[in-house]
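> I have a structure I would like to understand better, so I am pasting it below and will then ask my questions one at a time.
Just so it is clear, none of the values below were taken in a lab; they were calculated from the coordinates. Since the structure is predicted, the reported quantities are computational estimates derived from the model, not experimental observations. Here the Cβ positions follow ideal geometry from the backbone for every residue, glycine too, while neighbour counts run over all protein chains shown.
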Amino acid sequence: MQALGHEVELPPKIIEQCEFAEITILVNGRPVVLRRRLGSDFEISINDGSAPKTFTAPAEYGTWFTALFCDTPRLFTDKNNHAAVLYANVLLPSISVDQDHGWTTDYWTPPNRNFIVDQRQEVIRFLTGLPERHPFRARTEHDAAKQALERTEHSIEMQRFILDRLRMNDHLSEDEEPGLAERRLQLLRELESSKEILEAIRSTTKFFDGEIESLEAQRNGLLGRAAQLAQRKEQLSLVFSELEGEEDILTANVQATDLLRRFCDRPDCQMFATSERSFGRSLLFLKDQIKDLKASDRELGTENVSVGEQLTRVEALLSTKREARASAVNSSPQAAAMTRLGALTKDLVQTELRLAKIQQYKVEQSRFEKLLDRREQEAVAVTDSRLTGVRGSNSVGDARQLLSNAMQSWLVTLGTQNTRGAHFDDDFVLFVDGAKFSTTTHQSGSTRTRIVLAFHAALLEVSLARGGNHPGWLFFDAPKQHELSQTDFDAYADRLQMIAARYPGKVQIVFSAADLKTQFQADDEMWLPGFTVDGVARFLVPLGSDVS
């Protein structure tokens, strides 16, 4: 059991003298050697004939170990709402009964190894091939799925509004598209046939077009210059406003200094002379600045007037040239065709616009349908990411009934006299005579032993019948030491032989017993101690010991 990854308390002498525990298992007919280093640190090496691997974390080894029996990875929820896998020492108590604690109840683990939510039920579900009761789904994953669905719902409403507006405002119909496409093609052909007329018109207007283009460039330059001048004039106005405020303050300071100096009552009083000179100089400097800025402002005004006059002249020239161009076109031989070409062009533009609206509507409709598909997918994602598993489904109810029937049948096989009935509830809790079976219930040692044996056999039988994930192993440590008669034990072993015959190569039962008298079959094996120390049979002795 130690080599398989279980946590078994070994005698100090074994830990001191032995370096490894090793076992060979057959996986799809291929031998796989598991070697575990004994000690406080977890380390199991796996050798399957290919690349050896070593696990130093129980969770990683548990993932590898359970994958031997289950193709689909399982992720459970621990009691801290974190992701958890089935450790080997969580799964093995369901197929192994040790003589210290295993015969007290149907599934026993110490408190520090009972960390998965509804751990006993999750193990039973795993072995029988049922879905997890509490599959782990990260809360962030579920919240993200809900938020994505809400965003998509909002997008669908917006998209529906856009479609309705396009349909109602423009009275769109997808049936129009073929006719509009044909009309556009016809208009393009007619305009193509009028290329010579258009070339003649371009030749007539070429001279005017060049002059108009040049004048438009001049006008644009003058407009840009006028904008710059207006901006500079606005900046000057702000500066004027600030400087005039400063001038008022300095003038007031000079006047105040002059008044204060009179308090001295002496013609040569110098008490405020420094302040008077400072304020006077600052005021003169400020007035000089204002004078310069006013000169700049006048220059800007003059330039602005000049630009305005130039702009007026250019606009007048543009108007004249455009009129001359229109007159030249109207007096040309092609003037009569211009009206028709204008109508064709207008019709083409309207046709293109209508087609564009219909195509936009089709694009928006396609986007709407994709949003509907996305909503369906995201709704499934929200359902899949819920934190609670399936409860009360038909498969769960069927498995529970099969376990209850098998449990009752195995109790009869074992000759259990003091129980009237046993069944499993919705959470796969075992009830015997109407009370939950536990370490503290009233059943005696002999009856309790039979209940434990019946539970493990029933779980094996139902799991195999359902095609579950049971490895087909059962390990019983010293069942005969718990007042089980040889007759009842033989009946139990005979029925297990029948299950093994029903599922060839899938069942292996190991009993550890000192006084086993059961009749063995041809393919059964006995592993006997290889050493004798002081007349006592032993499996292990120190290296180099003088033993028989």
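> Work through the residues other than Leu317 whose Cβ is under 10 Å from its Cβ and net out their charges, Lys, Arg +1 and Asp, Glu -1. Before the final figure, lay out the partial values.
Numbers: positive: Arg219, Arg313, Lys321, Arg322; negative: Glu211, Glu315.
Charge balance near Leu317 sits at +2.
> Could you give me D for segment 1-56, from Stokes-Einstein at 25 °C and 0.890 mPa s, where the hydrodynamic radius is the Kirkwood radius over C-alpha pairs? Units µm² s⁻¹, please. Before the final figure, lay out each step's value.
Numbers: Rh = 11.9 Å.
It diffuses with D of about 206 µm²/s by this estimate.
> Still on this structure, please answer the following. Which one, Met498, Thr439, Ala513, is farthest towards the positive end of the dipole of segment 434-525 when Lys and Arg carry +1 and Asp and Glu -1 on their Cβ?
Thr439
> With label points built 7 Å along Cα→Cβ from the Cα atoms of Ser438 and Asp534, find their separation and express it in nm.
Using points 7 Å along Cα→Cβ, the separation is 4.3 nm.
> Treating only the Cβ of Lys, Arg, Asp and Glu as charged (+1, +1, -1, -1), what charge dipole size does segment 1-56 show about its Cα centre? Round to the nearest 20 debye.
220
> Order these by the 10 Å Cβ neighbour count, fewest first: Ile14, Ile46, Ile95.
Ile14, Ile46, Ile95
> Something else: State the answer as a single residue: which of Val32, Gly5, Thr56 lies farthest towards the positive end of the charge dipole of segment 1-56, with beta carbon charges of +1 for Lys and Arg and -1 for Asp and Glu, about the Cα centre.
Positive-end residue among those listed: Val32.
> Place +1 on the Cβ of every Lys and Arg and -1 on the Cβ of every Asp and Glu in segment 35-113, take the dipole about the Cα centre, and give the residue among Phe42, Ser94, Thr105 whose Cα lies farthest towards its positive end.
Phe42
> Please rank Met1, Met168, Met407, fewest neighbouring Cβ atoms within 10 Å first, as an exposure proxy.
Met168, Met1, Met407
> Let me ask something additional. Using alpha-carbon pairs under 8 Å, 6+ residues apart, how would you state the relative contact order of segment 71-139 in percent? Could you put the intermediate results ahead of the total?
Values: 70 pairs, mean separation 28.3, N = 69.
In percent, rounded to a whole number, it is 41.
> Which net charge results for the neighbourhood of Met498, defined as the other residues with beta-carbon distances under 15 angstrom from its beta-carbon, given Lys and Arg at +1 and Asp and Glu at -1?
-2
> Please give the contour-minus-distance gain from Arg189 to Gln228: 0.36 nm per residue of separation, less the Cα-Cα distance, rounded to one decimal in nm. Write down the numbers at each step before the final one.
On the way: separation 39, 0.36 × 39 = 14.04 nm, distance 4.88 nm.
Extra length available between Arg189 and Gln228 comes to 9.2 nm.
> Given a Förster radius of 35 Å and the C-beta distance between Ala181 and Gln147 as r, what FRET efficiency does 1/(1 + (r/R0)^6) yield to the nearest 0.05?
Step by step, r from the Cβ atoms, then E = 0.25.
> Can I ask one more? For Pro58, what is the net charge nearby, where nearby means another residue's Cβ is under 14 Å from its Cβ and Lys, Arg count +1, Asp, Glu -1?
Charge balance near Pro58 sits at -2.
> Still on this structure: If you wrap segment 486-548's Cα atoms in a convex hull and average its projection over all directions, what's the area in nm²?
Average of the hull's projected areas for segment 486-548 equals 5.9 nm².
> Among Glu216, Glu132, what is the fewest-to-most ranking by other Cβ atoms within 10 Å?
Glu216, Glu132
> For the cross-link pairs Lys146/Lys370; Lys436/Lys506; Lys53/Lys506, which exceed 21 Å when the distance is taken from alpha carbon to alpha carbon? Could the numbers behind the result be given before it?
Values: Lys146/Lys370 18 Å; Lys436/Lys506 31 Å; Lys53/Lys506 26 Å.
Over 21 Å Cα-Cα: Lys436/Lys506; Lys53/Lys506.
> Can you pull out the trypsin sites (Lys or Arg not before Pro) in segment 28-93 that DSSP calls coil and that have at most 12 other Cβ atoms within 10 Å?
Sites meeting the loop and neighbour criteria: Lys79.
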